[in-house]
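The values are calculated or read from the model by the stated rules, or taken from the named source; none is laboratory data. Bear in mind the structure is a predicted one, so any value in this text is a computation, not a measurement. Ideal geometry is used to build each Cβ from the backbone, glycine not excepted, and the neighbour counts take in all protein chains shown. Areas reflect the complete protein model, heavy atoms only, side chains present, ligands, DNA and RNA absent. Shrake-Rupley method; radii C 1.70, N 1.55, O 1.52, S 1.80 Å.
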Amino acid sequence: MVGIHLGEEATVSSIQFVDALLADAERDQRAETEIGPSDAEALDAYSQVVTGVAERVIGSVASLRISRRLPGGRQAQGSGSAVAITPDGFLVTSAHVVEGTGKGRASLTDGRELRFEVVGRDALSDLAVIRASGADLEPVSLGNADRLRVGQLVVAVGNPMGLAGSVTAGVVSALGRSFPTSDGQASRLVENVIQTDAALNPGNSGGALVDGRGRMVGVSTAVAGIGLGLAVPVNATTRRIIAALMRDGRFRRAFIGTAGGRRPLPPRVAQALDRSAGVEVVQVVDGSPAARAGLRTEDLIIDVDGVAVADAGDLQRLMVGERIGRPLPVRAFRGGELLELTVVPVELGR
């Protein structure tokens with residue numbers, strides 16, 4: 001009897017313990033519900049953002065079909081995406097998508113197929129503007145990539161096949177990256193490139209990278225690795241390039257003929273000038289404006305036109321069309337002395 005009694009007590013204790021565990025689980029579930037949305041609700045909110053963005057943007061993205069003539073008379077077919085930026089036919093795409101051609105066909109998700117011509121192309125920013133015949137396009141809203149933060153939701157929208165569009169979602173995984181570009185004569189770095197894990201499918205180059213409000217913050221340009229893509233940012237600089245391509249068919253850049261990189265200033269100079277670095281000149285192009293101004297290798301450029309420069313990107317940003325042909329004061333540090341020189345930039349590629 002005693003054994004049976006103890007067994008009954010053990011059974012009751014076990015049931016009470018299981019009941020306590022279940023009660024704790026129910027209490028934890030109620031607490032999670034009170035603290036925040038359920039998994040289903042959270043996923044639903046994420047899906048609503050992505051589907052809402054897709055609905056707003058897909059109609060603005062076109063599929064491009066391009067034919068290029070190769071040596072020997074052969075034809076090569078290419079494809080990509082483009083994004084409408086005005087109702088009357090202007091679209092922006094990647095420069096490499098329309099390289100080697102002046103025209104092609106653009107297919108929209110509403111079934112229309114329009115002829116287009118390349119209005120302007122800038123290989124050094126990997127941006128191009130095309131214009132489709134006809135009007136009544138759905139322009140995308142332009143955002144500002146300078147306000148993006150790492151971890152922010154972004155959606156890549158392309159139109160590789162000219163059917164219903166391609167949509168992938170992810171986050172901004174890195175900011176401030178750069179990648180090299182070239183136009184065959186000169187090379188430069190495209191700065192502040194957006195890195196995202198929103199997958200880029202074949203044919204998505206030239207498509208839109210948009211934020212959670214459906215504003216285009218980048219133009220998809222390249223795959224950076226497995227699961228990573230790059231986009232040229234839409235900001236004040238690229239807006240200026242796009243406007244110049246629409247207006248003039250090209251973007252003018254100033255050229256002084258130096259190559260260099262960041263170098264810390266000597267402590268005494270750094271203290272006197274209240275800055276930490278300058279641009280060390282590692283190459284001066286023969287016959288260039290820099291050579292005529294007297295700049296030499298190993299010079300340390302401190303400022304140009306009154307603007308401090310600490311790396312090649314700072315110097316690159318100053319080389320805009322407005323400074324072509326204009327005498328610019330340059331301060332440089334050489335052999336313990338601070339020099340004041342004058343350089344007159346010429347137009348790059350001319």
**Complete:** Taking placed amide H atoms and a strict 5 Å upper bound, the residues 5 or more places from Glu138 or on another chain that come that close are none
**Prompt:** How large is ³J(HN,Hα), in whole Hz, for each residue of the range 90-99 in order, when computed from phi with the Karplus curve 6.51 cos²θ - 1.76 cosθ + 1.60 and θ = phi - 60°, using x for Gly and Pro?
**Reply:** 7, 10, 10, 8, 7, 4, 5, 5, 9, 5
**Item:** Residue-span extension gain [Glu337 to Ala199] - 0.36 nm each, minus C-alpha spacing
**Value:** 44.5 nm
**Request:** Could you list which residues have their amide H under 5 Å from that of Gly143, counting only those 5 or more apart in sequence or on another chain, with H placed in the peptide plane?
**Result:** Met216, Val217
**Message:** What's the ranking of 146-152, 60-66, 172-178 by average number of surrounding C-beta atoms within 10 Å, highest first?
**Reply:** 60-66, 172-178, 146-152
**Message:** Can you classify the range 130-264 as rounded, prolate or oblate using the Cα gyration tensor, where a ≥ b ≥ c are the square roots of its eigenvalues, rounded means a/c under 1.5, and otherwise it's prolate if a/b beats b/c and oblate if not?
**Reply:** oblate
**Separation in nanometres of the label points that stand 7 Å from Cα toward Cβ, at Ala135 and Asp286** = 5.5
**Message:** With just the Cα atoms defining each centre, how far is the range 131-182 from the range 50-68? Give it in Å.
**Reply:** 10
**Complete:** Leu300 neighbourhood, Cβ < 14 Å, K/R = +1, D/E = -1, net charge -1
**Message:** Sequence gap at least 6, Cα distance under 8 Å: using those rules, report the relative contact order of the range 273-312 to the nearest whole percent.
**Reply:** 49
**Asked** Net charge near Arg112, counting Lys/Arg +1 and Asp/Glu -1 over other residues with Cβ under 13 Å of its Cβ?
**Response** -2
**Prompt:** Hey, what did the range 197-350 get for relative contact order, percent, Cα under 8 Å, at least 6 apart?
**Reply:** 18
**Item:** Solvent-accessible heavy-atom area per residue, rounded to whole Å², over the range 166-240 at 1.4 Å
**Value:** 41
**Request:** Under 12 Å from the Cβ of Ala156, count the other residues' Cβ atoms, weight Lys and Arg +1, Asp and Glu -1, and hand me the total.
**Result:** -2
**Message:** I need the peptides 79-92, 261-274 ranked by packing, meaning the mean over residues of other C-beta atoms within 10 angstrom, with the highest value on top.
**Reply:** 79-92, 261-274
**Residues Arg240 and Thr297, FRET efficiency given R0 of 30 Å [Cβ-Cβ distance, rounded to 0.05]** = 0.40
**Net length gained if the chain between Ala76 and Ser182 were fully extended (0.36 nm per residue, minus Cα distance)** = 36.0 nm
**Complete:** Residues whose modelled amide H sits under 5 Å from the amide H of Ser205, counting only those 5 or more places away in sequence or on another chain, are Ser81
**Förster radius 45 Å - calculated FRET efficiency between Ala222 and Gln271, Cβ distance, rounded to 0.05** = 0.60
**Asked** Where the accessible area of the range 106-248 is counted over protein heavy atoms with a 1.4 Å probe, how much of it, in %, is carbon and sulfur?
**Response** 49
**Message:** If a paramagnetic tag sat 7 Å from the Cα of Asp146 along the Cα-Cβ line, which residues of the range 235-270 would have the backbone N under 17 Å from that point?
**Reply:** 235-243
**Prompt:** When the Karplus curve 6.51 cos²θ - 1.76 cosθ + 1.60 is applied with θ = phi - 60°, which whole-Hz ³J(HN,Hα) does each residue of the range 265-279 get, with x for Gly and Pro?
**Reply:** 7, x, x, 5, 5, 4, 5, 5, 9, 6, 8, 9, 8, x, 9
